[in-house]
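Worksheet: the structure to be examined is printed underneath.
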Amino acid sequence: MRRLARWATVTGTLVALATFGAACGSSDQGSTTASQGTSVETVPQGVKGGKVTVLAAGDVDFIDPGQTYYAFGYMVDYAVMRPLYSFAPGTLDTAQNDLAAGPPVLSDGGRTVTVTLRPDVRYAPPVDRAVTARDVKYAIERAFSANVPNGYAFNYFSVIEGTPKEPTDGVKPISGLQTPDDQTLVFRLKTKESGTLVAALVMPITMPVPPEYAKPFDAKSPSTYDQHVAFTGPYMIPNDPKTGKITGREPGKSIELVRNPNWDAATDYRPAYLDGITIQEGNTDAAVSSRRILQGSGLMQGDNAPPAPTIKQAVQRYPDQLKFVPALGPRYVSLNTSIPPFDDLNVRKAVNAIFDRTAMRLTRGGAIIGDIAWGYLPPGFPGFAESGGLKPPAEFDYLQDPDGDPELAAEYMKKAGYPSGRYTGDAKLLTAAINISPGSQTAAVAQNQFEKLGFKLNFRSLSPETMTTKFCGTPQAKVAICTNVATSADFVDPEALLKPYFYGPAITPSNNANWSELDDPKINAAMDAASALPPGDERVSAWADVNKQIVASAAAVPWIWDKTPLIASKDVQSLGNAYLTSWDLSFTSLKP
């Protein structure tokens, strides 16, 4: 669900919100270089050497950059691989040249985007050669294959000429991706709508994949490249030097990161201070793992946020080891609109009305964690103010009371054909929940809200990666309710927070992000129209209207625009990354 709760460290107000967009309206008369800065936030100087351990509850979804779409996967992938562009800690206003040697250049009125690659980035063994533009071309092409399920390729990259309308059987060439030489990648687009594509060049889909090495793995369905990834970042996961088979990962147990011997610091803005990083999985008791981190040495938080009592204690006793960071997205409970009785709008409105969102927020620490949400664009994000700000517009009566409105909920149930104001059907609704704290506490409160209206739940408590990949992200699983949805923007534009999660054509058989399976023709058309607009006020206004249309569909229950707490041991100097919304492993060091 792109991304299940990515975290970020941002001090003060939310970061400035512009990536590449300024140049997307270039004229037909010439070329324009897309706006892209090179400065990064000043960060403390670290000390080379040493190792840290990241305590995690679950596993990453994938190491394969073509498939990962989960926060924890991003945390690892952006340390072991390099996309065309990426963000340094503390800033989302400018993307850094990463695999690319310079900013993307727009020409032909925005129908052509050209990226020049660095000539001196090399793969780790066993590939052991320089990265070329053909590798990025292949990386994007494979993401349109049914063999490499990808959660966003069709949303953000289908504007490229020659992209298929549905996943292909095996990896097929895309005519609009051209590589005139080893360092030049050209995107030829169907329309002048280059803004979305350019903004999305920071995503893992642009991490290079060597075709001569990966094709045998990608010929299988699903691809087994996840077990043989070719690394380009400052770190790598140990592998067999002859076959490339990953040996440093035991799924569900641990992942080892070591230095990539072929990484050249002169080609990268990351300092990569540490010699090694151990990700220790299975720490499902967040209270215990948080206490170990705060009181221990060389430890960092992974995918399990500290529970509310621990946050309170950390504020009082360990303030220098705790950071609150705005998550660039909402938390919500999804209602599968394709499964009765949630195919009835009035039933969904009743669920929204009954929900005690104040109680939900308490499970994560109360008001200190963030504002109670009513929509899907968070404070400070483009479209938030235009949608109405912190208070829901009067038209959304079912979201006016953050403590829940039982009488209004009963009225909506009666409109849906339940005279008692409660659900009287026999269905036991499959409900997926996270099995770690504080998500497990949140799920328990959510379960109680449904029971208030008479719903019977088939409640499944799952690890985060299982909930994401095998249940909520797989329509065939027929999950009616997902209690723990925490999204974050793929890039800084309202489209990135709305289209992947509520656009009908985005529903995929696997790695699906539209957990509500909302497929409303009017909303789909409004999204298509908003996507076509260039960056600017008109685009933001259009997406704000889409935000309100989604709220009107009641396809989910938004309950918090949260700030995620991050903790580390007193001897760890770490920075959160405002795009990854996690600790940035490549900027972490041990204090001298």
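Here, each number is a calculation from the coordinates, and none is a lab measurement. Just so we're clear, the structure is a prediction, and the values are computed from it rather than from any experiment. For neighbour counting, all protein chains shown are included, and Cβ atoms are generated from backbone atoms with ideal geometry for every residue, glycine included.
The dipole here belongs to the stretch 387-536: it is taken about the Cα centre, uses +1 on the Cβ of Lys and Arg and -1 on the Cβ of Asp and Glu, and is about 580 debye. Across the stretch 59-143, Cα-Cα distances exceeding 14 Å account for 72% of all pairs. By DSSP, the beta bridges lying fully in the chain are antiparallel in about 75 percent of cases.
Each listed q (0.06, 0.12 Å⁻¹) maps to a log10 I(q)/I(0) for the chain, found by the Debye formula over equal Cα scatterers with no solvent: -0.28, -1.19. Amide H contacts under 5 Å for residue 239: 247, restricted to partners 5 or more places along the chain or on a different chain, H placed in the peptide plane at 1.01 Å from N.
Projecting the Cα atoms of 516, 462, 339 onto the dipole axis of the stretch 331-564, where Lys and Arg carry +1 and Asp and Glu carry -1 at the beta carbon, places 462 farthest toward the positive end.
The angle separating the long axis of helix 406-415 from the principal Cα axis of greatest extent in the chain is about 90 degrees.
In a fully extended conformation the segment linking residue 242 and residue 315 would gain 21.3 nm over its present Cα-Cα distance, using 0.36 nm per residue.
Evaluated with a Cβ-only charge set (Lys, Arg +1; Asp, Glu -1), the stretch 532-592 carries a dipole of roughly 220 debye about its Cα centre, given to the nearest 20. Using 19 Å as the Cα-Cα cut-off, could you pick out the over-long pairs in 349/415; 253/570; 165/499; 499/548; 215/253? Where the Cα-Cα span goes over 19 Å, the pairs concerned are 253/570; 215/253. Toward the positive end of the charge dipole of the stretch 331-564, with +1 on the Cβ of Lys and Arg and -1 on the Cβ of Asp and Glu, the farthest Cα among 353, 546, 432 is that of 432.
Against the main long axis of the alpha-carbon atoms of the chain, helix 345-354 sits at an angle near 80°. For residue 217, the shell of other residues with beta-carbons less than 12 Å away shows a net charge of 0, using +1 for Lys and Arg and -1 for Asp and Glu. About its Cα centre, the chain has a charge dipole of approximately 1080 debye under the convention of +1 per Lys or Arg Cβ and -1 per Asp or Glu Cβ, with nothing else charged. For the chain, the longest principal axis of the C-alpha atoms and the axis of helix 308-317 are separated by about 60°. Its residue count N fixes a reference of 2.2 N^0.38 Å for the stretch 367-515, and the Cα radius of gyration divided by that reference is 1.14.
With R₀ fixed at 22 Å, the C-beta to C-beta distance from residue 288 to residue 250 puts the FRET efficiency at about 0.55. The residues 348, 118, when put in order of fewest to most other Cβ atoms within 10 Å, stand as 118, 348. Could you tell me the relative contact order of the chain? Use alpha-carbon pairs under 8 Å, at least six residues apart, and round to a whole percent. Dividing the mean separation by the residue count of the chain yields 23 percent.
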